[in-house]
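Structure first, then comments.
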Amino acid sequence: MAINSNHISEDLDGIKCAIVEKNVSAERVAFLKPLLEYNNLTVIVVPSAPAKVAAVTAETEPVSEPIVETYTVGVTNMLFNSINAIYGRLLDTPDGHIVTMKYWQQLENVSNDEIPYFQK
């Protein structure tokens, strides 16, 4: 069990993993997996459990919501914590920069690591 919600671990495909992110889209997986593998982490991606649906009664009409496929991303390094790795400047991008929070959140296409996060 985790001490806090920032360091969660689960079994993904029978392998004990530190969870990086849950319920992410395929586009997010396409961003995270190469980035984490570039940083020498073994990445495990599994489909997330489907959302729970309320019971349908005769009075309510079933709502047909589009089913969005989401994934859980984990790494086999149990000491990995994404927040510590980002603010500790432990992750690199393939183009030689250090991963910043805005780059991690995909708000920037290029990591602007010249300015420390506490001065932005």
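No value in this document is a laboratory result; all are computed from the given coordinates. Small disclaimer: the values here were computed from a predicted structure and weren't measured. Every residue, glycine as well, gets a Cβ built from its backbone with ideal geometry; the counts of neighbours run over all protein chains shown.
Which residue pairs have Cβ atoms under 8 Å apart, sit 6 or more places apart or on different chains, and have a first residue in the stretch 18-31 that is among the hydroxyl-bearing types (Ser, Thr, Tyr) and a second that is surrounded by 14 or more Cβ atoms within 10 Å (Cβ to Cβ)?
What qualifies is Ser25/Thr70; Ser25/Tyr71.
Out of the stretch 83-99, which residues are surrounded by 15 or more Cβ atoms within 10 Å (Cβ to Cβ) and within 15 Å of the chain's Cα centre (by Cα)?
Answer for the stretch 83-99, where residues must be surrounded by 15 or more Cβ atoms within 10 Å (Cβ to Cβ) and within 15 Å of the chain's Cα centre (by Cα): Ala85, Ile86, Leu91, Val99.
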